[in-house]
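Report on the structure given below.
The values are calculated or read from the model by the stated rules, or taken from the named source; none is laboratory data. No experiment lies behind these values; they were computed from the predicted model shown. FYI the Cβ positions are ideal-geometry reconstructions off the backbone, even for glycines, and counts take in every protein chain you see. Ligands, DNA and RNA are stripped out before the accessible areas are found, and what is left, the full protein with its side chains, is counted by its heavy atoms. Shrake-Rupley method; radii C 1.70, N 1.55, O 1.52, S 1.80 Å.
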Amino acid sequence: MFSIELKSRAYIKRVAMSNDVEDRVLIEGFLGELEELNFIEGVMLEIKGINGILRIDLKKEELRKLLQKGRYRSQR
């Protein structure tokens, strides 16, 4: 799950979706300058920018594992 909350429509660059179930959906916008990164109850990553907030259903431990994988790949 994720949610995007922007302060204004002006910060949306593009929203593209089709009537076809199998087609992709694209949401682009501008969170602006980063203000904060938080974990809500340890289960949701919250990224706050000056223009809005992006929330992603991602546990701290899951993020830690992903970051460790990334370090290993970049050292190859």
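Look at (1) free of Cβ contacts under 8 Å to residues at least 24 places away in the same chain; (2) open to solvent by less than 100 Å² (accessible area, probe 1.4 Å); (3) not aromatic (Phe, Trp, Tyr) and you find that residue 52 fails only one, number (1). Whether a residue is out of contact with any helix residue (DSSP H, G or I) (no Cβ under 9 Å at 6 or more places or on another chain), surrounded by 15 or more Cβ atoms within 10 Å (Cβ to Cβ) and among the charged types (D, E, K, R) was assessed, and residue 60 does not pass this test.
Number of residues in segment 16-31 that are over 21 Å from residue 46 (Cα atoms) and open to solvent by 70 Å² or more (accessible area, probe 1.4 Å): the value is 8. Residue pairs whose Cβ atoms lie under 7 Å apart, separated by 6 or more positions or on different chains, with the first residue in segment 21-44 and within 23 Å of residue 59 (Cα to Cα) and the second assigned to a loop (DSSP other than H, G, I, E, B) and open to solvent by 100 Å² or more (accessible area, probe 1.4 Å), are 42/59; 43/59.
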